Amino acid sequence: MKVGIVGPGALGQALAKRLHSAGHQIRLTFSRKEQGLRDTAATLGVGFGAPDQIARWADVIALATAWQALQPAMDALGDLSGKIIWDNINAVAPDLSTMLIGTTTSVGEEVQKRAPRASVVKCIPTFADLLEAHDPRLNGLPVTTYLAGDDAEAKAVVGRLAADLPTMPIDVGGLQASRLIEPMMLLLVQLAYSRGLGPMISFNLVRQGG
């Protein structure tokens, strides 16, 4: 699958590394420093390009920027009609104390407003540190990832990519469920960094009998 990763930061690089190793075609985009983008792509063995070029090329566009960079990134991507957008963004305050938006909306829903003719799927997989580990599983098991979206086919596509990280994707419903995923992930961040548990943690779904 052709995946354009928007934002070559820690999470973007970790996604690129994992998905490339799983056999997908990966290109990075959206960086203030073109040479840095080139160097990162070369290190990971993946491609790179201008945002609008990557948007036309990709089957799936994975957003991995900071919340504050969302609008500039989407402006640079151009027309996203018919595209699958995998939203990995959380609107977290710089001190990790609270959500900057939430309760009545979510980043996932805001992405959909900005790209009304695209199919948006919310899925923040896990910490970049864990994805960068030699074995991104915990206690031998893939961590659980939670997917929200209104397009079942698009959600299935992102679910397959999430499974290739590897993680265990769980469908939690329509895109409005992003309002639940995003604060849950902030709690995980606070446990990791404010409470000192470190990033090798996850909220895994476990049920009796399986």
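Observations
- Filter pass, LEU191 being on the phi < 0 side of the Ramachandran plot and touching a residue at least 60 places away in the same chain (Cβ under 8 Å): no
- Residues in the stretch 116-137 that are without any contact (Cβ under 8 Å) to a residue 60 or more places away in the chain, part of a loop (DSSP other than H, G, I, E, B) and either acidic (Asp, Glu) or crowded, with 18+ Cβ neighbours inside 10 Å (or both): 3 in all.
- Matching residues in the stretch 24-49 - criterion: being in a loop (DSSP other than H, G, I, E, B) and either aromatic (Phe, Trp, Tyr) or more than 18 Å from the chain's Cα centre (by Cα) (or both): PHE30, ARG32, LYS33, GLY45, GLY49
Here's the yes/no breakdown for (1) over 25 Å from ARG114 (Cα atoms); (2) surrounded by 18 or more Cβ atoms within 10 Å (Cβ to Cβ):
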| position | (1), (2) |
| --- | --- |
| GLN13 | no, yes |
| LYS17 | yes, yes |
| SER21 | yes, no |
| GLN25 | yes, no |
| LEU28 | no, yes |
| ARG32 | no, no |
| ALA58 | no, yes |
| PRO72 | no, no |
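- Taken over the stretch 45-104, the criterion of being in contact (Cβ under 8 Å) with a residue 24 or more places away in the chain, charged (D, E, K, R) and out of contact with any Gly (no Cβ under 6 Å at 6 or more places or on another chain) is satisfied by ASP59, ASP79, LYS83.
- The set of residues in the stretch 50-97 that are charged (D, E, K, R), at pLDDT 95 or above, in a loop (DSSP other than H, G, I, E, B) and out of contact with any strand residue (DSSP E or B) (no Cβ under 7 Å at 6 or more places or on another chain) contains only ASP79.
- Condition check for ALA16: farther than 15 Å from ASN88 by Cα and not aromatic (Phe, Trp, Tyr): no
The values are calculated or read from the model by the stated rules, or taken from the named source; none is laboratory data. Computed from a prediction, not measured in an experiment: that's the story for all the values here. Glycine also receives a Cβ, built like all others from the backbone with ideal geometry; neighbour counts cover every protein chain displayed.
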